[in-house]
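Just below is one structure, and these are the notes that go with it.
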Amino acid sequence: MLKTKDLFPVRVEDAERLDRRRFLRAVGGAAVFTLCGEWAAHAFEEARPHASEVHLDGGQRLAVGQARALTDAAGGEVLAVRVDDATVVAFDRRCPHLGCPVLWSAEHARFECPCHRAAFDARTGRVLFGPPRRGLASVKLASAQKV
């Protein structure tokens, strides 16, 4: 025959260790910690200098749909792409969401971030879909005579 205390196998000491108040306090603390991390990441991203101008070096002309990775004066990476015969655009290669390196997709004619499946417009850098709230930072191309 079962004893009464065997019907409820949780000891009172174990039940008192995690009551509703402690659980909600832990969940609230985790939420605050997460929000502070998001805020810090956003503040850090805003504080980082963005490339202002790059030179497309080399005598080779970019073909339509071709991309070339460049390095700015601060050592950051920039992607330059010829979108049509008369237009070459350049954008900071860091995704504004979490800083992953953005890649050029010639097949889709857009910039793509492989980390969270985001996509950006080839001409403007604006977000087409995905988690980023801002588009890619535009970079000016200097001496684009032979591009």
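Screening Arg61 on (1) in the same structural domain as Ala80 (by TED's automatic domain parsing); (2) at pLDDT 80 or above shows it passes everything except condition (2). Within segment 76-126, the set of residues being part of a loop (DSSP other than H, G, I, E, B) and among the hydroxyl-bearing types (Ser, Thr, Tyr) comprises just one member, Thr124. Going by what's in this entry, would Val102 be described as of a type in the set (Val, Ile, Thr) and under 18 Å from Ala63 (Cβ atoms)? Criteria not met by Val102.
The values are calculated or read from the model by the stated rules, or taken from the named source; none is laboratory data. Everything quoted here is computed from the prediction, not taken from an experiment. Quick reminder, even Gly has a Cβ in these numbers, built from the backbone with ideal geometry, and neighbours come from all protein chains shown.
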